[in-house]
Amino acid sequence: MSQAIADLEPSSQSETKPPQSVADRGTSYREILKATFLIGGSQVVNVLISMVRAKVMAILLGPAGVGLNGMYGSVLSLAQTVAGLGINSSGVRQVAESLGTGDRNRVARTVTVLRQVSLLLGLLGGAALVLGSAPIAQLTFGRVNQGETVGIALLSIVLFINLVMAGQGALLQGLRKIREMALANILGSLAGTVTVIPLVYYWGTDGIVPGLIAGSAAMFVVNWWFVRQIAISKPAMDWAEMTEEAGALAKLGFAFMISGLMVMVSGYAIRLIVIRFAGLESTGLYHAAWTVGGMYVTLVLQSMGADFYPRLTQEIRNHAASVRLVNEQTSVSLLLAGPGILATLLFAPLGLTLLYSSKFVAATELMRWICLGVALRVVSWPLGFVLMAEGNQRRIIAVEVAWTAVHLGLAWLLVPIWGLAGAGIAFFGSYVFHIAITYLLARRTIGFRWSSANLQIMAAQTFAVLGAFVLARFVDGWISYAAWTLVLLGAGALSLRELTKITGIPERFRPWMTRATAMFGR
């Protein structure tokens, strides 16, 4: 076993005991924030790189080329979801769980099987995409064109690379190599962009698929460079042991795959409902509202999930420690996301105009309902990880299917009555249901209860978000924007004050924080 794995064991063992002192709790909160800022920062950089790449591609290819690139991307995304069998998520859990045992041999076994399964799924998925390239081209483009059929067949190379790379990412996340994950994300995105653009520049639309292949290969090399530093000796395993380990990965991965498909199905079906009852133009408004409304919170939650998921997995058998971790994560999620939700809700028209155009201001009411739903998502999000960490496949699938059914059912009922806003109300209602079901299951699994501090934060943010929602509906104009800016500054200062309290800010910074928040009260 390598020194890299040996170095990880003491930290994993110490984390199985819940912190006892205020200082320890402050350290735990700081760990959450550190991981959030590392992954969040890398994602912000990736978004900027993606914006540059999208701009250059738009200039080089034009609308038709961008559309073709988008269609190839859609095919690849769906194929990767199905062929990947959720191994990227189940792999994180299995690696984290084996690491939590402190058993070097078990870590090596899990990592070895994860790598082999990722390789096998990449080969099988690639072969399936090649064999199905003609009917997929027919379904995607409405015709059988040799160039497009060959293009989809060549996507099998990208699919293979991405699935193997997903296994690498699961290893880094499962071992909680957060710094390496952040660097790999940034450098991989940059390498992929630098590789793609020259090919598209010289070959135009003919360079799209070669660019996707070269970009994925460049990203793979970057990820491989970080993963190769985690040297793990190959354990002695017979066929039965390998089959058992691979079966556990695939069984749990199937639940994650179904979960991912439910999200895709829900998004697709909602758009169909909107088209049927509100018209084609409304789907563009829905897309804009959905993108802007959830942008900030999605970034925050995904950043925190990178470290929270493996941490919780290591502690899931220790119910007291698990409850503490979920409450800590909930506190940080609420304090970081709250001001962003208020800003998105209050400045919805301005955001839609800046990121799209004034024509999209018609989506303002929808976007504000989405913000209410997103606020509930922040509360239910840590609870959902309890089911993932527990690894109960039936519960994971049941929750996602039930949530999808409620979401689509509400949309089917409400869009004909309230039009486009009905889709937002349906999203809000679906997360009322999601909080109820995930809380009940978390209560049953680990005896979870929200801490009194979290209940106070929830009450305060509920009052603030609902107040902002009502205020935004009846007050508009530039004067209102000035008033809302003061409200947001106050909310941000109060959130910052609470974060400094729970993380144990150094004494030399406390007078400055006191002065900064004094004007907004205690």
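Key figures
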item: Cα centroid separation, region 92-160 to region 376-422 (Å); result: 27 Å
item: CD proxy at 222 nm, helix term only [per DSSP H run n ≥ 4: -39500 (n - 2.57); per residue of the chain; nearest 500]; result: -30500 deg cm²/dmol
item: Full-stretch length increase - Q229, L413 - with 0.36 nm per residue and alpha-carbon distance subtracted; result: 60.8 nm
item: Rg in Å to one decimal, and Dmax rounded to a whole Å, for region 29-71 via C-alpha atoms; result: 15.8, 48
item: Cα gyration tensor shape of region 361-434, rounded if a/c is under 1.5, else prolate or oblate by comparing a/b with b/c; result: oblate
item: Length added when fully stretched, V130-R276, from 0.36 nm per residue minus Cα-Cα; result: 49.1 nm
item: Overall form of region 419-474 per C-alpha gyration tensor (a/c, 1.5; a/b vs b/c); result: oblate
item: Full-extension gain in nm, K34 to V150, via 0.36 nm per residue minus C-alpha separation; result: 37.2 nm
item: Number of Lys pairs (Cα under 24 Å; 8 or more positions apart or on different chains) in the chain; result: 8
item: Rounded FRET efficiency, nearest 0.05, which uses the C-beta distance separating A460 from A320 and R0 of 30 Å; result: 0.65
item: The chain: projected area of the alpha-carbon convex hull, averaged over directions, in nm²; result: 25.2 nm²
item: Distance (nanometres) between label positions extended 7 Å along Cα→Cβ at H287 and T140; result: 1.7 nm
item: Volume of the Cα convex hull of region 255-469, divided per residue and given in Å³; result: 106 Å³
item: L471/S77 FRET efficiency (R0 41 Å; Cβ-Cβ; nearest 0.05); result: 0.60
item: Cα gyration tensor shape for region 181-298, rounded if a/c is under 1.5, else prolate or oblate; result: oblate
item: Efficiency of FRET from Cβ geometry, T298 and A436, R₀ 35 Å, rounded to 0.05; result: 0.95
item: DSSP H segments from the chain that extend 30 Å or more along their own axis, Cα-based, with Kyte-Doolittle mean of 0.5 or above; result: 22-84, 104-131, 146-174, 178-203, 239-278, 319-346, 364-390, 393-418, 420-446, 452-474, 478-503
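The numbers here are math on the coordinates, done by the rules we state, and not lab data. Everything quoted here is computed from the prediction, not taken from an experiment. We place every Cβ from the backbone using ideal geometry, glycine too, and count neighbours over all the protein chains shown.
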